[in-house]
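In what follows, a single structure is set out as structure tokens and then discussed.
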């Protein structure tokens with residue numbers, strides 16, 4: 001059995017725990033948190049909870065550590081540190097900063113295997129973009145997210161001083177989607193593809209104007225998009241924004257000789273963190289197998305043989321899926 005550790009027990013951490021409990025070849029060894037361990041009630045109840053500060057004492061008890069912190073601040077600090085100690089998997093999702101983050105992890109993972117950016121985008125959608133461009137090199141790939149809750153963007157808002165709670169919805173712009181589906185191959189800026197809708201609960205006395213300005217100025221996440229910020233009360237947040245649906249699509253418009261083709265891959269998710277946790281758990285299996293072969297250093301989904309993601313053996317995969 002692959003012994004799994006979870007670092008961070010928020011929405012994604014709980015999603016990972018549920019995915020591990022359903023995996024036939026995994027067991028949850030421990031959960032690590034910055035909160036009071038006694039305050040956490042695990043879904044499975046089958047593992048102990050420890051302070052994150054004690055994680056270095058557990059290097060011999062965990063085969064793969066799944067990092068469930070946010071990309072805005074947590075993973076930048078925790079990723080290299082934990083990758084120096086364990087085989088790790090994370091879902092770092094700041095696309096433009098991935099090369100720099102990958103380099104920092106690779107420098108730390110000298111004797112471990114670290115699979116980064118292994119959610120559904122980056123992650124599954126990255127694989128589709130690669131396959132599509134390989135099959136139809138005379139073409140263009142487009143990615144649209146939503147309408148749904150982005151965990152990374154929401155987490156970035158919650159780190160702003162004075163914010164009590166927040167959620168951000170990514171909203172595709174219909175005209176852009178329809179243009180791609182017609183095969184127009186438009187040149188679209190980030191602003192022309194998506195809107196950002198933010199719903200924010202603030203602490204008493206917080207400066208709403210300053211918070212809105214801070215949100216809209218966050219580089220990579222909001223600065224390049226048309227962003228609306230709506231301030232609401234706790235009651236409305238709980239009633240209308242507690243669930244975390246998401247989804248999206250990759251469209252690739254391409255041609256071979258005189259023929260036009262469209263590749264479309266889409267996801268509709270009731271729970272973004274649950275699905276993300278499931279992807280990370282599959283990648284943890286791959287990380288374990290790569291590490292057993294001595295394939296150390298930072299890896300992405302592009303470096304994982306597809307069969308390493310599955311709990312089934314090669315012959316079963318060939319028989320049932322090929």
Residues being closer than 17 Å to residue 212 by Cβ and without any contact (Cβ under 8 Å) to a residue 60 or more places away in the chain - total across region 225-253: 9
Given the condition modelled with pLDDT of 95 or more and either outside the structural domain of residue 134 (by TED's automatic domain parsing) or surrounded by fewer than 14 Cβ atoms within 10 Å (Cβ to Cβ) (or both), answer yes or no: does some residue in region 212-221 qualify? yes
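If you check residue 126 against the conditions, is it touching a residue at least 12 places away in the same chain (Cβ under 8 Å) and not in a strand (DSSP E or B)? Walk me through it before giving the result.
Working: touching a residue at least 12 places away in the same chain (Cβ under 8 Å): yes; not in a strand (DSSP E or B): yes.
Considered against the rule, which asks whether it is touching a residue at least 12 places away in the same chain (Cβ under 8 Å) and not in a strand (DSSP E or B), residue 126 comes out as yes.
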Of the residues in region 173-192, those that are surrounded by fewer than 21 Cβ atoms within 10 Å (Cβ to Cβ) and not in a loop (DSSP other than H, G, I, E, B) come to 174, 175, 176, 177, 178, 179, 181, 190, 191, 192
Within region 33-44, is there a residue that is assigned to a strand (DSSP E or B), surrounded by fewer than 22 Cβ atoms within 10 Å (Cβ to Cβ), without any contact (Cβ under 8 Å) to a residue 60 or more places away in the chain and within 21 Å of the chain's Cα centre (by Cα)? yes
Per the filter on region 69-89, residues farther than 25 Å from residue 223 by Cα and either in contact with a helix residue (DSSP H, G or I) (Cβ under 6 Å, 6 or more places away or on another chain) or not in a helix (DSSP H, G or I) (or both) are 79, 80, 83, 84, 85, 86, 87, 88, 89
I need the full set of residues from region 153-172 which are part of a helix (DSSP H, G or I) and out of contact with any strand residue (DSSP E or B) (no Cβ under 6 Å at 6 or more places or on another chain), in order please. 155, 156
Which one of these is farther than 16 Å from residue 227 by Cα, modelled with pLDDT of 95 or more, touching a helix residue (DSSP H, G or I) at 6+ places or on another chain (Cβ under 9 Å) and buried (at least 17 other Cβ atoms within 10 Å of the Cβ): 162, 123? 123
Among the residues of region 134-150, write down those that are modelled with pLDDT under 95 and in contact with a helix residue (DSSP H, G or I) (Cβ under 6 Å, 6 or more places away or on another chain). 149
Go through (1) buried (at least 20 other Cβ atoms within 10 Å of the Cβ); (2) in the same structural domain as residue 252 (by TED's automatic domain parsing) for residue 79 and report which single condition fails. (2)
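Any residue at all in region 98-106 that is touching a helix residue (DSSP H, G or I) at 6+ places or on another chain (Cβ under 8 Å) and not in a helix (DSSP H, G or I)? Quick ask: steps written out before the conclusion?
We begin by selecting, within region 98-106, every residue touching a helix residue (DSSP H, G or I) at 6+ places or on another chain (Cβ under 8 Å); these are 101, 104-105.
Those left that are additionally not in a helix (DSSP H, G or I): none.
Scanning region 98-106, I find no residue that is touching a helix residue (DSSP H, G or I) at 6+ places or on another chain (Cβ under 8 Å) and not in a helix (DSSP H, G or I), so the answer is no.
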When you scan region 212-247, how many residues do you find that are under 25 Å from residue 177 (Cβ atoms), in contact with a helix residue (DSSP H, G or I) (Cβ under 7 Å, 6 or more places away or on another chain) and in a strand (DSSP E or B)? 4
Those residues of region 57-80 which are more than 12 Å from the chain's Cα centre (by Cα) and free of Cβ contacts under 8 Å to residues at least 40 places away in the same chain, in sequence order: 57, 59, 60, 76, 77, 79, 80
Across region 275-322, what is the total count of residues that are under 16 Å from residue 92 (Cβ atoms) and assigned to a loop (DSSP other than H, G, I, E, B)? 2
Which number in (1) farther than 18 Å from residue 145 by Cβ; (2) not assigned by TED's automatic domain parsing to the domain that holds residue 129 marks the one condition that residue 279 misses? (1)
Looking at the structure I just gave you, is residue 141 under 23 Å from residue 70 (Cβ atoms), buried (at least 18 other Cβ atoms within 10 Å of the Cβ) and assigned by TED's automatic domain parsing to the domain that holds residue 243? no
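The values are calculated or read from the model by the stated rules, or taken from the named source; none is laboratory data. A quick note: this is a predicted structure, and the numbers were derived from the prediction, not measured. Ideal geometry is used to build each Cβ from the backbone, glycine not excepted, and the neighbour counts take in all protein chains shown.
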